[in-house]
Amino acid sequence: MGFFKAGDTISGQEARAFITIDGRVEPLFYAKNLEATAKKKKTEIKTLGHRGTQHKANGWSGEGSMTVYYATSLFRELMIKYMKTGVDTYFDIQVTNEDPTSSIGAQTVLLKDCNLDSVVLASFDVDADVLEEDLDFTFSDADLLEKFKKPTLG
């Protein structure tokens, strides 16, 4: 039986990410990490003749978080626009993981209709070497634009 080669793991630093807002594409070069999760919503179902509780999927929700270096005003601009006008901004995030040392190639995921939950408007920390901010968001759709290939087993 074969085994998964260590060289086919994907380095956490080998990624590219872009945000598309109002048709403008901007690299997320100031992002430190990002994680987006699709979670199923389920209804508990009890039936006669079965003592256990069954579950039936009836939808899903998408949420994510990213940590960025405090080096852009973009997210503050979006939040202040909403605060002043009531006009909310939705955007897409595209993430590609591709480690050139791996045989599995690249994976690209597009998160659609992302919307910020909260934004740090001002920050300082006299003990911090660098300032960062955590951004939570939701999304309403996703596409898998590119899939990893199956690894070559050792």
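The values are calculated or read from the model by the stated rules, or taken from the named source; none is laboratory data. The model shown is predicted, which means the values in this text are computed figures rather than measured ones. We place every Cβ from the backbone using ideal geometry, glycine too, and count neighbours over all the protein chains shown. Just the protein is used for accessible areas: all its heavy atoms, side chains included, with ligands, DNA and RNA removed. Shrake-Rupley method; radii C 1.70, N 1.55, O 1.52, S 1.80 Å.
Side notes on the structure shown:
- Distance in nm between pseudo-label sites at THR96 and THR9 (7 Å out along the Cβ direction from Cα): 2.4 nm
- Rolling a 1.4 angstrom probe over the protein heavy atoms with all chains in place gives the range 1-82 an accessible area of 74 Å² per residue.
- Note on the chain: lysine pairs with Cα distance below 21 Å, sequence gap of 8 or more or different chains, count 15.
- Shape class for the range 106-150, computed from the alpha carbon gyration tensor (a ≥ b ≥ c): oblate, with a/c not under 1.5 and a/b at or below b/c.
- Inter-centroid distance (Cα atoms) of the range 1-52 relative to the range 95-111, Å: 12 Å
- Average Cα contact separation per residue, the chain, under 8 Å, 6 or more apart, as relative contact order %: 28 percent
- Helical content alone sets the calculated 222 nm signal of the chain at -2500 deg cm²/dmol, taking -39,500 (n - 2.57) per DSSP H segment of four or more residues and averaging over every residue.
- Gyration tensor verdict on the range 1-83 (Cα atoms; rounded if a/c is under 1.5, prolate if a/b is larger than b/c, oblate otherwise): oblate
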